[in-house]
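Q: Got a structure here, written out as C-alpha cells. Questions coming.
Here, each number is a calculation from the coordinates, and none is a lab measurement. Remember, predicted model here, so these are calculated numbers, not experimental data. Here the Cβ positions follow ideal geometry from the backbone for every residue, glycine too, while neighbour counts run over all protein chains shown.
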Amino acid sequence: MKKFLGLVTLLVAATLALAACGSNDTSAGSGSGDHNEQDVTFASDMIPHHQQAIQMAKMAKAHAGSTEVKQLANDIEAAQGPEIKTMTGWLKAWGEDAPSGSMSGMGGMGGSSNNDMPGMMSDHDLTKLGQATGDTFDQMWLQGMIAHHEGAVEMANTEIAKGKNADATDLAKTIKAAQTKEIAKMKKMLGS
C-alpha cells in the first residue's frame, strides 16, 4: 500500500510539474510571452487603425448604395472587432497602456497620430465620407478603405520582420493575408 501511495504521489507531482510547464506555454499563447518594443508599437498602432476601419464600416452600413459594399463592411467589422480585443489584452498583459478608442475620427489620439500611421483617413476626409451617399459614397469608401488596408499591410509587414511575440507576428500575418485579399476584391469592385 505504501508503494502504491508513493507511486500515486509521484504521478500527481509529475502531472503538476507538467501542467506548470504547460501553463507557461499557454500564457505565451495569450500574448503575454516574450515581446519587444515593435510588438507594443504594432498593437498600440493597429488598435486605433482597426477602430477607424470599424468606424468606416459603420458608415457604409448607413450610406452605401451597394449591398456588396455593405457586406464587405460587415466582414471588416466582424474581423477587426475581436482583433482589437486581443491586442488590448496583450498590451495589458505586457504592462502597457492600451489606446482609448475615440471613434469620431480618432480625434482623441493627439495631433500627429493619424499622420504617423499609414492609410489613416484624416478627420476632414471622414467628414466628407460621412456626407456622401449611394454610388458616390461607395467610390469614396472603397478608395479610402483600399488605402487604409494598404497601410495595415505595411504595419503588419513591419511586425512580421521585427516583432518578437509569436502571437503578435501570427496576427500580423493573418491581417496581411485577409486585407491583401480584401484589397484585391475592392479594386475589382472599383473596376481598377
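Q: Measure up K162/K187; K128/K162; K70/K181; K70/K92; K128/K176; K128/K187 against 25 Å on the Cα-Cα distance and list the ones that go over. Walk me through the numbers on the way to the answer.
A: Details: K162/K187 29 Å; K128/K162 36 Å; K70/K181 17 Å; K70/K92 33 Å; K128/K176 28 Å; K128/K187 21 Å.
Over 25 Å Cα-Cα: K162/K187; K128/K162; K70/K92; K128/K176.
Q: Turning to a different aspect of this structure: How much net charge surrounds E159 when only the other residues with a Cβ under 13 Å from the Cβ of E159 are counted, with Lys and Arg +1 and Asp and Glu -1? Mind dumping the intermediate values first?
A: Numbers: positive: K162, K164, K173, K176; negative: E37, D39, D45, E83, E154, D167, D170.
Neighbourhood net charge equals -3.
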